[in-house]
Amino acid sequence: QFSKYIPEYLGELALYLYPSEFDEFIDNIGELIENTNDRIGSVALDTVGEVIKKYSMYEYKDKEPKEDYNGRKRKMLGMLLKGLANYHEVVSQEAIMVTGQYIFGSSELSQEEKFDAFKQIYKKMLTLITAIDEYDMNFFTNAAALNHIYRFISEYKFSCGDMRLPVNAQVAFFPGTFDPFSLSHKGIVQAIRDEGFEVYLAIDEFSWSKKTQPRMIRRQIISMSVADEPDVFLFSDDFPVNIANPEDLKKLKELFPGKELYMVVGSDVIINASSYKAKAVENSIHSMNHIVFQRETMEGSCKDSLALKEAYEHMSGNIRELKLPVYLEDISSTRIRENIDLGRDISNLIDPVAQNFIYDNSLNLREPQYKN
């Protein structure tokens, strides 16, 4: 009965912690948000909202590097986005309520502080909120939060002028079955994003070689796994892309006018996929720019290296190679599915929220629907 009063005080008290202790506190709150108990997750989100609302008054703001201060704020905003993507309806409702009321509806934050938060989450929030079914309380919660955001936009444009939002000129298109989306996939996405790209994840409808889970389940797992990652988005459901079809690739390029578009693939795909072995024509996959992930263990294989070099000769686009660290190579979707079927822990292979989602939906030993 009294837990609802804790965030207001805890959020303010946290601002008196030393930076190292503050970071530990934020990490602990993040774990609570990922908890399977939706009540705990909701109260943790309220606490994050209180901290963000009063964050400009942090006791040690001027005694630590500015990048650390701003990075901590980005992390907390990411927690709200992760709450928004949570599969618990109560948690996602609380996340959007906190975002609307505690940040954009707050009288304690200046217009510039609100705009700084808006720049970081507006696009991600737009993609996440459309995935929430609007009925009963969801509809009213969303409406109230969006009203706060709309009022902020109107007031900002009236008092400060037009909003100048950052635009990334480099786009990476990453297709795959992602069954399920692992920490290895996430590591690849983070590496590409850190190279200055805006990353779009496209989920294949099906795979001839794999008995994949339903597409919407895979999509929800990815959404939860990358919700807190800036500049990483799910590609539209309404636009299927077959990399073997030049017409699809032409339309894909037209979706990003004036931007550098790169296709993300593994080196094994370039060597073995039929689309790369086919004859190069206008707008075929050979004309695309590529980000190629090459496994470190592959370097020892002369045969594969020669095959990859030969494949490159038929490709006219720019090619950027990135190596996948050895510790990520051991993580595979097949291994995750096997561990689920055997009842083993997969917390070191997949995002914790996604793991809870899999087990909470009876994808476990007793009813192994997630079996390959």
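The values are calculated or read from the model by the stated rules, or taken from the named source; none is laboratory data. These numbers come from a predicted model, not from an experiment. All Cβ positions, even for glycine, are placed from backbone atoms using ideal geometry, and neighbour counts span all protein chains on display. What goes into the accessible areas is simple: the full protein's heavy atoms, side chains included, and nothing from ligands, DNA or RNA. Shrake-Rupley method; radii C 1.70, N 1.55, O 1.52, S 1.80 Å.
How many residues does region 138-170 hold that are touching a residue at least 12 places away in the same chain (Cβ under 8 Å), within 22 Å of the chain's Cα centre (by Cα) and open to solvent by 50 Å² or more (accessible area, probe 1.4 Å)?
Within region 138-170, residues that are touching a residue at least 12 places away in the same chain (Cβ under 8 Å), within 22 Å of the chain's Cα centre (by Cα) and open to solvent by 50 Å² or more (accessible area, probe 1.4 Å) number 4.
Among what's in region 51-74 and is in a helix (DSSP H, G or I) and open to solvent by less than 30 Å² (accessible area, probe 1.4 Å), pick the residue that is nearest to Ile29 (Cα to Cα).
Val51
Just the residues that are on the phi > 0 side of the Ramachandran plot and among the acidic types (Asp, Glu), please, taken from region 218-266.
If the condition is that a residue be on the phi > 0 side of the Ramachandran plot and among the acidic types (Asp, Glu), then Asp231 is the only one that fits.
Return the pairs, sorted by first residue and then second, in which the second residue is open to solvent by 60 Å² or more (accessible area, probe 1.4 Å) and assigned to a strand (DSSP E or B), the first residue lies in region 232-247 and is in contact (Cβ under 8 Å) with a residue 12 or more places away in the chain, the beta carbons are less than 9 Å apart, and the residues are 6+ apart or on different chains.
From region 232-247, no pairs qualify.
If you scan region 255-278, which residues turn out to be assigned to a loop (DSSP other than H, G, I, E, B) and either open to solvent by less than 20 Å² (accessible area, probe 1.4 Å) or not charged (D, E, K, R) (or both)?
Phe256, Pro257, Gly258, Ala273, Ala278
So, of the residues in region 311-327 that are in a helix (DSSP H, G or I) and either at pLDDT 80 or above or in contact with a Leu (Cβ under 7 Å, 6 or more places away or on another chain) (or both), which turns out to be most open to solvent (accessible area, probe 1.4 Å)?
To start, the set of residues in region 311-327 that are in a helix (DSSP H, G or I) comprises 311-312, 326-327.
Retained after the next criterion (residues that are either at pLDDT 80 or above or in contact with a Leu (Cβ under 7 Å, 6 or more places away or on another chain) (or both)): 311-312.
On the way: Ala311: 20, Tyr312: 48 Å².
For region 311-327, the residue satisfying everything is Tyr312.
Pick out the one residue from Val43, Val91, Val48 that is under 16 Å from Ser225 (Cα atoms) and of a type outside the set (D, E, K, R).
Unique residue meeting the criteria: Val91.
Any idea which of (1) in contact (Cβ under 8 Å) with a residue 12 or more places away in the chain; (2) in a helix (DSSP H, G or I); (3) over 22 Å from Glu108 (Cα atoms) is the one Thr36 doesn't satisfy?
Going through the list (1) in contact (Cβ under 8 Å) with a residue 12 or more places away in the chain; (2) in a helix (DSSP H, G or I); (3) over 22 Å from Glu108 (Cα atoms), Thr36 breaks only (2).
Out of the residues in region 336-372 that are of a type in the set (A, V, I, L, M, F, W, C) and in a loop (DSSP other than H, G, I, E, B), which is modelled with the highest pLDDT? Write out each step before concluding.
Initial filter on region 336-372 (of a type in the set (A, V, I, L, M, F, W, C)): 336, 340, 342, 346, 349-350, 353-354, 357-358, 363, 365.
If we keep only those that are in a loop (DSSP other than H, G, I, E, B) too, we end up with 342, 346, 349-350, 363, 365.
Numbers: Leu342: 77, Ile346: 78, Leu349: 82, Ile350: 85, Leu363: 45, Leu365: 36.
The residue in question is Ile350.
Restricting to region 236-254, count the residues that are surrounded by fewer than 20 Cβ atoms within 10 Å (Cβ to Cβ) and touching a strand residue (DSSP E or B) at 6+ places or on another chain (Cβ under 8 Å).
2
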